[in-house]
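S.K.: Right, I'll just put the structure down here and ask away after.
Please treat every number below as a calculation from the coordinates, not as lab data. All values derive from a computational prediction rather than experimental measurement. Reconstructed Cβ throughout: ideal geometry from the backbone, glycine too, with neighbour counts over all protein chains shown.
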Amino acid sequence: MTPLEAALAGVLLMLPALVPNSAAVLFGGGRPMDFGRFWRGKRILGDGKTWRGFFGGAISGTVLGFLLIGLSIGLNTEETLGYGDLPGAACVVLSLAFGSMLGDSAGSLLKRRLQLGRGDKAPVLDQYNFVAGAILMVLVFQPGWFFDHYVDGNGIFGLVLFLIIVPLLHRGVNIIGYKMGKKDVPW
Ligand code: CTP
Ligand code: MG
């Protein structure tokens, strides 16, 4: 693959980790994941982390990933679409999608411990919590896949483009969520 191809493939393959963050804003609401409980005077996670958001997000990312796998099997080009054979491909997609929402929850856990309220700005942490969660999870369950696509060869171009795109998309989606009344702040 050329650097450009590797960069585009790198972003495409990460969609199951990207989509949950936006989908959570759309699906969010209802019972908070911490059931309103406190830890050391602060909410454990806060009202910005709900069960509907968590599963709405993780399942959206999973469905998208399975569609990409289905497409690649249908086109018989699993090499170029890059999740590889089942069941490993399903494991990659589930790790990316659920890891993304777990990272997002861990980010809020950390923010509350740092005395930051729901929606308060935490630069870097806000933008990359789900990226860290997704990558850590895939490193636990399918490390070979990550090295093949994001480290070896021109894979690093995929990782770099993905990391550049994340804060831009994050900002765009949050402005839309704010305008829709789903978020209290546009960041
Ligand atoms: N959301 C949700 N459940 C989740 C994740 C997100 O319901 N597990 C919804 C909430 O409506 C949340 C919005 O998506 O307000 C945006 O998510 P995020 O920016 O992560 O939450 P914040 O409200 O900023 O809260 P925090 O400070 O804890 O990050
Ligand atoms: Mg936020």
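S.K.: Just want the ordering: M180, M1, from fewest to most Cβ atoms lying within 10 Å of their own Cβ.
M.R.: Numbers: M180 10, M1 17.
The fewest-first ordering by Cβ neighbours comes to M180, M1.
S.K.: So which helices of the chain fit the span-like rule, where a helix is a whole DSSP H run, its Cα atoms reach 30 Å or more along the axis, and its mean Kyte-Doolittle is at least 0.0? If you can, show how the numbers build up before the last one.
M.R.: On the way: long enough: 51-74 (34 Å, 1.36); 88-113 (36 Å, 0.79); 155-179 (36 Å, 1.60).
Qualifying helices: 51-74, 88-113, 155-179.
S.K.: Which residues in the range 44-76 have a backbone N closer than 11 Å to a point placed 7 Å from the Cα of R31 along the Cα-to-Cβ line?
M.R.: Hits in the range 44-76 for R31 at 11 Å: 51-52.
S.K.: For the chain, how big is Rg over Rh, using alpha carbon atoms and the Kirkwood form of Rh?
M.R.: Radius of gyration over Kirkwood radius for the chain works out to 1.00.
S.K.: Turning to a different aspect of this structure: State which entries of K111/K183; K49/K111; K42/K183 exceed 19 angstrom in Cα-Cα distance in the structure shown. Could you put the intermediate results ahead of the total?
M.R.: Details: K111/K183 17 Å; K49/K111 12 Å; K42/K183 21 Å.
Check vs 19 Å cut-off fails for K42/K183.
S.K.: Here is a follow-up. Contour minus end-to-end for D148 and F38, with contour as 0.36 nm per residue of separation and end-to-end as the Cα-Cα distance?
M.R.: Working: separation 110, 0.36 × 110 = 39.60 nm, distance 4.23 nm.
Gain on extension, D148 to F38, equals 35.4 nm.
S.K.: Oh, and also: Can you give the calculated 222 nm mean residue ellipticity of the chain, where each DSSP H run of n ≥ 4 adds -39,500 (n - 2.57) and the sum is split over every residue, rounded to the nearest 500 deg cm²/dmol? Write out the running numbers ahead of the final one.
M.R.: Values: 8 runs with 128 residues, N = 187.
Estimated from H runs of four or more residues: -22500 deg cm²/dmol.
S.K.: Sequence-distant or interchain residues sharing an amide H contact under 5 Å with K49, placed H: which?
M.R.: Under 5 Å from the amide H of K49: M33.
S.K.: In debye to the nearest 20, how big a dipole does the chain give about its Cα centre with +1 on each Lys and Arg Cβ and -1 on each Asp and Glu Cβ?
M.R.: Values: 16 positive and 12 negative charges, 293 e Å.
Value, rounded to 20: 1400 debye.
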